[in-house]
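Laboratory data are not the source of any read-out in this text; all were calculated from the coordinates shown. If you're wondering where the values come from, they're calculated on a predicted model, not measured in any experiment. Note that we place each Cβ from the backbone using ideal geometry, even for glycine, and neighbour counts take in every protein chain shown.
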Amino acid sequence: MTRPTRRSSLAGLLVVLVVALLACEGAVRSPDDDATAGAEGARIDADADGQAAGDADGDDVGGDAAPARVDRLRLAGGQWGSPTPFGYVRGPGMIKAGLVFDTLLWRDVDGETIPWLAESWEVADDGLTWRFTLREDARWHDGEPLTAADVVFSHDYIAEGPGGAAGVPHVGRVLGAPIAEVAAEDERTVVFELEEPMASFETDVAGLWGMLVIPEHVWGDVEDPARYRDDDAFVGSGPYRLVEHDEAAGSYLFEAHDAHVLGSPLVGEVAFVPVDDEPRALARGALDVAEVALEQGVPEAQVDALAADFAVVEERGQWNMALHTNLEAGFPFDERAFRQALAHAIDRADLVDRLLLGRGEPGSTGGLAPANAWSADGLPAYEGGPEAAAELLDGLGLVDADGDGWRQLPDGEPFAIDLLASARYDTRTPELVAEQLAKVGLAVEPDVRDPADADERARAGEYALALIGYGDVGADPDVLRLRYTGEPQAFSAAHGFAHERVDELAERQRRAVDDDERAAALDELQAILAEELPVLSLYVPSQLGFFDPGAFDAFAATPGCPPCGLSRNKLMHVTGATTLER
Amino acid sequence: MAERRRPAVSAALSGLTLAALVVLVFALPRALPGDPLAALDDPTSGVAITDPELRERVLAHYGLDQPLPEQFAGYVGGLATGDLGWSIARNAPVSGLVAAHLPWTLLLMGPALLLSTAASYVLGILAAWHRGRTGDRVALVGLTALRAIPEYVLATLLLIAFAVLLPVLPVGGARTPFAEHGSGLAALADVGAHLVLPLATLTLSLTATLFLLQRHTVVAVLGADHMLLAEAKGLPLRRRQFVHAGRSALLPLLTAVGLQVAFAAQGAVFVEAVFAYPGMGSLLLEAVAARDYPVLEGAFLVLALVVLAVNLLVDLAARWVDPRSAAS
């Protein structure tokens, strides 16, 4: 009686196995499955499927030799909206839209502003008039010429037209800029008149983070730009055209636009492939480069294994984890000495060693990333340790009167602090910080919340101490004005901090016409912040990536562009080099 | 009369369920702590809405500046015209997102329900027939243990086994991105290969529950008079097992399948998350993380409608199997 049962189960098992094997057999032409079959951490033969890489082996793409064309570069995908000028989502979406739509200027990996759609530009001495000359041969993907009138339209469509209602980053930046008027002097010359000087104009309006130039002949009649997805919504002037976008899976395929103003792009196709985990996907050959988010807690063994099999690129970081003190929380948070005591008590170098595997650096007390070109030198580092911290805390009357090992408030009441943190990042950070503060007798309890909840509490200032992570410390230093002055709006704003001199200096650097004037204002501003410490930048992880140099090897970080990562600055896809002149 | 009134009653009940659903999917996301506009902030890039005027403008764009009753009226009004709203985090129409994600969930849930029902029907009968023997004990212990394992643990185990240790199957996604397949059959095989592990996980999870019920019901039926009669008449074994005993146990099984539909939907959410399968589960998880109200409202509603619709189908199947259930 039992034999038939066994036989039918076996038969069923066989059917399942055969179906599964047949299914695998059918997909051998794809890069992903190729990789699946070879997943032993083995290096990928990128040419095996004829899709991944060209023969760039041995070429020094950053050097003088002309690099060979790369057929396809595979980067990590994700759901970042539709790459139209108003349909993309956040920074990574803007990078994708930026493959299709150009800005007037761009940025290389040295942080230099470089000509892009505009071949040259000049600013008047008063800083109010910016004049751009477009490249002569600039054309849209559909063959229509790109003229100064299109640039004027691109601005007016946001400032006065329906484009201003789209919640995408570049729209916010254009609306926030003090632009009085944009006018076309002739076919190739466009002039921006400002109401007041704007030091970040090159970046926030003309360049990297600025206005995507859109064709008037397409968008002129579009009333609801965020929702416009017709075929011509993807007609830009950029080096790539969208071939395929799978909204559900988060995959994008762009192919080179050979008639681009900078010439035929070196990388033939840029593919954004949805992956669960970048290092694993690189190891199984589904990606050409994996960028590692050290702030999320990466096991040392994984980093070592990747370093053994792949080429490594490591650059100074632009993102930081910062300890925010809400001065509105009252005593002792509103005491400068208390905040300085925290800085002495927290061993930031130790955090870098233990959390980032030594791949990173302690943050600057001035509020910008140490690698930021505007970061001030010679700021106090607060390396006095527990002794210096204890002295300051004693001075505030925060002493351990009852001998239980924990400091109490001056009136003898217990003093316990909740430390708000987001589960988005390595939760060992709040634990280690609490541990270090316990050494000076401060009772700190980590309060780790889900990201959306933590972000909202950070934005609303519902905390006394909070660990907040953000990536603008490597950006234009105007972020200091946004973080420390005015009513707090963003999750990364300082709460309860008001300082007249800071307000003054923040405005001065914003309107500075020359770099020296701006640097002077910023140096003084950072010195005050380093003294007051409403925010203590704890650590800045390195930007760490692994890649197969046989596929493509122009990988580098772009200052002030965290979403560019190490592999997504389009300059590198277009020229194969990390600077414009190769 | 009883037969005629019942569809009306069940229609009314479905209507009430639907109304309650609409209220729930509107209210629950808003009860979560968090700010839906935070979805537009970008901690990695440091991009955030810092301009209060822009914040107001974006809030108004999504109708979030209005009092809750007005937001609700707008939402219901939208539903009436088939408009599910606009995703804040994904900058896309919710209906489009649902259309892109739902087919993958149906592809996972549908076969999983069918396979698990068929498997537990057969296994349940065989185990009950041979109750107490080794095969029955193995199945009983094995499937009880399986039932105790949450879907996402089972999914992770299968992932490690068949995609990492013995890498014969793809580890994630529903198909290979940008693959150029030689034929439609090859493309289908690619989808099939990606489906194997998620489908196996969900099917095994559902089978575990249904099997125990089916076995129990058949055991109860075995001593019944009609079974004795069938044996006395000298009917062949297979006929007695699958027609006489099986049919008696079919009704409770179908009722259980109806209940399982909701679990299948819930299981699909976890299974999709582990295998990065681009179904409704992935959509929902991201929407929860981003507090994307329009997507949460739309996706939960559609998923609930799917569960209701499948329940209705199961209900109809039960009437067909046993006309008495329509009369009772």
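Going by neighbour counts of Cβ atoms within 10 Å, the residues B:Arg137, A:Arg459, B:Arg90 line up, fewest first, as B:Arg137, A:Arg459, B:Arg90. Enumerate the lysines that A:Lys570 could reach by cross-link, defined here as Cα to Cα under 22 Å, with residues fewer than 8 away along the same chain left out. Within the straight-line limit of under 22 Å, A:Lys570 reaches these lysines: A:Lys96.
Computed on segment A:189-269, with alpha-carbon pairs under 8 angstrom and 6+ residues apart, the relative contact order is 15 percent. Residues B:Tyr152, A:Tyr425 in ascending order of nearby Cβ atoms (within 10 Å, fewest first): B:Tyr152, A:Tyr425. Computed from the Cβ-Cβ distance with R0 of 45 Å, the FRET efficiency linking B:Leu165 to B:Val23 stands at 0.40. The modelled label-to-label distance for the pair A:Thr113/A:Ala259, using points 7 Å beyond Cα in the direction of Cβ, is 3.0 nm. Take every pair of alpha-carbon atoms less than 8 Å apart whose residues are at least six positions apart; their mean separation over the length of chain A yields a relative contact order of 20 percent. Taking R0 as 51 Å, what's the FRET efficiency between A:Phe331 and B:Trp320 from their Cβ-Cβ distance, rounded to 0.05? According to the calculation, E is roughly 0.10. For B:Gly298, what is the net charge nearby, where nearby means another residue's Cβ is under 11 Å from its Cβ and Lys, Arg count +1, Asp, Glu -1? Here the charged neighbours net out to -3.
With only Lys, Arg, Asp and Glu charged, each at its Cβ (+1 for the first two, -1 for the last two), find how big the charge dipole of the protein assembly as shown is about the Cα centre; round to the nearest 20 debye.
The dipole magnitude comes to about 7800 debye.
A Förster radius of 41 Å, combined with the Cβ-Cβ distance separating A:Ala381 from A:Glu413, puts the computed FRET efficiency at roughly 0.80.
Exposure proxy for B:Asp190, A:Asp447, A:Asp516: other Cβ atoms within 10 Å of each Cβ, ordered fewest to most, give A:Asp516, A:Asp447, B:Asp190.
Note: relative contact order over chain B, using C-alpha pairs below 8 Å and six or more positions apart, is 28 percent. Extending 7 Å from the Cα toward the beta-carbon at both B:Val141 and A:Glu122 defines two label points whose distance is 8.9 nm. Long hydrophobic helices in chain A, taken as whole DSSP H segments with a C-alpha length of 18 Å or more on their own axis and mean Kyte-Doolittle hydropathy at least -1.0: A:2-25, A:515-532. Each Lys and Arg contributes +1 and each Asp and Glu -1, all at the Cβ; summed about the Cα centre of segment A:320-541, the dipole is approximately 500 debye. Within a Cβ distance under 15 Å of A:Asp350, other residues only, what is the Lys/Arg minus Asp/Glu net charge? Net charge around A:Asp350: -2. What is the distance, in nm, between label points placed 7 Å from the Cα along the Cα-to-Cβ direction at A:Val243 and at B:Glu56? Distance between the two pseudo-spin positions: 4.8 nm. Think of the protein assembly as shown as having a plus end and a minus end, set by charges on the Cβ of Lys, Arg, Asp and Glu; of B:Ile160, A:Leu505, B:Ile149, B:Ile149 sits farthest toward the positive end of this dipole.
Under the rule a/c < 1.5 gives rounded, and otherwise a/b versus b/c splits prolate from oblate, where does chain A land using the Cα gyration tensor?
It is oblate, given that a/c is not under 1.5 and a/b is not larger than b/c.
For segment A:391-408 versus segment A:94-133, the spacing of their alpha-carbon centroids is 56 Å.
For B:Leu308 and B:Glu70 in the same chain, what is the full-extension length gain: residue separation times 0.36 nm, less their Cα-Cα distance, in nm? Intermediate results must be reported in sequence, preceding the final value.
Working: separation 238, 0.36 × 238 = 85.68 nm, distance 2.79 nm.
Gain on stretching B:Leu308 to B:Glu70: 82.9 nm.
Within a straight-line Cα-Cα reach of under 17 Å, B:Lys233 can be paired with the following aspartates and glutamates, leaving aside sequence neighbours fewer than 8 residues apart in one chain: B:Asp225.
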